[in-house]
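The values are calculated or read from the model by the stated rules, or taken from the named source; none is laboratory data. Since we're looking at a predicted model, the values are computed, not measured. Cβ atoms come from the backbone with ideal geometry, glycine included; neighbour counts cover every protein chain shown. Heavy atoms of the whole protein, side chains included, go into the accessibility calculation; ligands, DNA and RNA do not. Shrake-Rupley method; radii C 1.70, N 1.55, O 1.52, S 1.80 Å.
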Number of protein chains: 2
Amino acid sequence: MCDVCGCGDPEVVSVPLHERILSANERRAEHNRSHFREHGVLAINVMGSPGSGKTALLEATARRAPDLSLAALSGDLATEHDAERLARAGIRARAITTGSACHLDAGMVHHGLDHLDWESADCLFIENVGNLVCPAIYDLGQRANVVALAVTEGEDKPQKYPVMFRAADLVLLTKIDLLPHLPDVRLERIEQSLARVMPEPRLLALSARTGEGMDAWLGWLEESAHGTG
Amino acid sequence: MCDVCGCGDPEVVSVPLHERILSANERRAEHNRSHFREHGVLAINVMGSPGSGKTALLEATARRAPDLSLAALSGDLATEHDAERLARAGIRARAITTGSACHLDAGMVHHGLDHLDWESADCLFIENVGNLVCPAIYDLGQRANVVALAVTEGEDKPQKYPVMFRAADLVLLTKIDLLPHLPDVRLERIEQSLARVMPEPRLLALSARTGEGMDAWLGWLEESAHGTG
């Protein structure tokens with residue numbers, strides 16, 4: 001484990017300190033979770049590499065699911081671009097600017113909630129910093145982890161970043177409209193790589209741009225949101 | 001600053017501890033640097049998102065620069081896939097498997113050097129863990145930072161991950177063969193985003209697959225390697 005970011009180097013941060021950090025986060029995450037439960041809001045931690053298509057996915061979701069009330073917290077080191085894009089797509093959204101932090105933690109999310117009208121939403125997307133490592137370590141109080149993996153990232157990412165894919169409830173294989181232009185990428189190989197690390201592999205392939213595969217994702221989302229009570 | 005990973009949360013790790021971590025790494029990096037200098041080896045820290053095309057770039061480099069003697073250390077959380085690919089391309093290569101660490105540090109690199117015949121190489125590539133945040137903080141003793149950014153990652157990544165792009169000596173815009181299939185991505189916008197964070201923007205656009213733009217990169221590499229003395 002890295003110490004603080006939760007992903008590293010036992011030489012520099014002691015195990016007790018590391019545990020103290022994670023357990024402080026855990027308490028805050030439980031606090032967030034009780035808020036989400038109280039209001040019947042499905043909170044989803046949306047993770048993935050930079051450029052894996054997280055924001056485009058949420059924009060397309062808003063366009064195609066007008067009956068779902070959506071809110072979002074959007075994490076980035078700098079800029080509020082993603083939150084602005086989501087707001088233009090009709091999602092109540094707020095940016096969390098992390099400075100140089102490589103992941104969101106439960107405290108940042110709690111602070112973000114204070115500045116967002118999220119309680120009446122069916123679903124709150126917590127769009128994490130683009131990073132296939134560190135965000136997987138930090139519980140934010142969410143009910144589900146959704147990981148976006150773009151076909152352009154190649155075939156073996158699940159095996160190379162197992163911590164992230166082990167933690168996923170659902171993997172969305174994005175940008176499949178580009179598949180015909182990627183002679184070295186085969187869908188079966190991505191599925192095989194995922195099956196080697198994800199206990200119960202659940203993969204939906206889609207394109208936010210063409211809309212292909214979006215219905216299955218919206219089905220998952222609506223089913224999950226209605227289960228929130 | 002995150003504490004340990006170098007990218008985070010002042011609540012959990014004190015500034016003195018954070019400084020101690022970075023200064024311990026700094027000493028080890030200087031030690032590596034003196035090794036590289038002694039042997040006249042150009043060491044390059046190759047960074048970028050997961051799937052940005054770092055390994056494909058190095059494979060194509062080996063194929064197109066038979067006169068350059070190349071060695072590589074390849075960092076990944078799990079698997080030795082990248083080092084195996086590089087070895088097949090004719091690069092003396094060794095994997096550094098980081099477990100759950102989100103970045104390489106100078107100690108891991110020093111340990112890797114012990115198991116690699118790198119001293120007679122013109123150039124040593126240190127292929128970092130795919131991550132646009134944390135690797136930028138850790139000096140490995142390299143002479144240059146090269147950041148791979150794929151056109152598929154979108155237009156605004158430099159502004160959203162400024163720490164990485166500020167530290168770059170050269171940015172390689174990869175996978176430009178896909179540009180005709182990306183209606184929402186314009187090269188000028190990427191250049192503009194980069195110009196807002198990189199003090200002296202230096203961008204080369206290329207495709208490892210088609211070879212377009214590779215000559216300019218090889219020119220940069222040969223010029224830099226010959227300057228090593």
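Numbers for the structure displayed
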{"read-out": "All positions within segment B:20-39 that are open to solvent by less than 20 Å² (accessible area, probe 1.4 Å) and either touching a Ser or Thr at 6+ places or on another chain (Cβ under 9 Å) or under 16 Å from B:A225 (Cβ atoms) (or both)", "value": "B:F36"}
{"read-out": "Restricting segment A:165-193 to residues that are facing another protein chain (nearest Cβ under 9 Å) and either small (G, A, S) or assigned to a helix (DSSP H, G or I) (or both), the residue that is most open to solvent (accessible area, probe 1.4 Å)", "value": "A:P180"}
{"read-out": "Check on A:A87, more than 14 Å from chain B (Cβ to nearest Cβ), part of a helix (DSSP H, G or I) and either more than 29 Å from A:A24 (Cβ to Cβ) or more than 16 Å from the chain's Cα centre (by Cα) (or both)", "value": "yes"}
{"read-out": "Selection count, segment B:102-146, where residues are in contact (Cβ under 8 Å) with a residue 40 or more places away in the chain, in a helix (DSSP H, G or I), touching a strand residue (DSSP E or B) at 6+ places or on another chain (Cβ under 9 Å) and small (G, A, S)", "value": "1"}
{"read-out": "Hits in segment A:147-159 (condition: surrounded by 24 or more Cβ atoms within 10 Å (Cβ to Cβ) and either of a type outside the set (S, T, Y) or part of a loop (DSSP other than H, G, I, E, B) (or both))", "value": "A:V147, A:A148, A:L149, A:A150, A:V151, A:E153, A:K157, A:P158"}
{"read-out": "Filter result (within 8 Å of chain A (Cβ to nearest Cβ), surrounded by fewer than 22 Cβ atoms within 10 Å (Cβ to Cβ) and under 18 Å from B:A78 (Cβ atoms)) within segment B:100-137", "value": "B:S100"}
{"read-out": "Cross-chain or 6+ apart pairs with Cβ under 9 Å, segment B:20-38 first and more than 19 Å from B:D122 (Cα to Cα), then aliphatic (A, V, I, L, M) and open to solvent by 50 Å² or more (accessible area, probe 1.4 Å)", "value": "B:L22/B:M1"}
{"read-out": "Condition check for A:S49: of a type outside the set (A, V, I, L, M, F, W, C), closer than 21 Å to A:V163 by Cβ and modelled with pLDDT of 95 or more", "value": "yes"}
{"read-out": "Residue tally, condition away from every other protein chain (no Cβ under 14 Å) and either at pLDDT below 95 or in a loop (DSSP other than H, G, I, E, B) (or both), over segment A:196-218", "value": "8"}
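Here's the yes/no breakdown for (1) open to solvent by 30 Å² or more (accessible area, probe 1.4 Å); (2) in contact with a Phe, Trp or Tyr (Cβ under 9 Å, 6 or more places away or on another chain); (3) touching a residue at least 60 places away in the same chain (Cβ under 8 Å):
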position	(1), (2), (3)
B:S49	no, yes, yes
B:L58	no, yes, yes
B:A71	no, yes, no
B:A78	no, yes, no
B:H81	yes, no, no
B:R88	yes, no, no
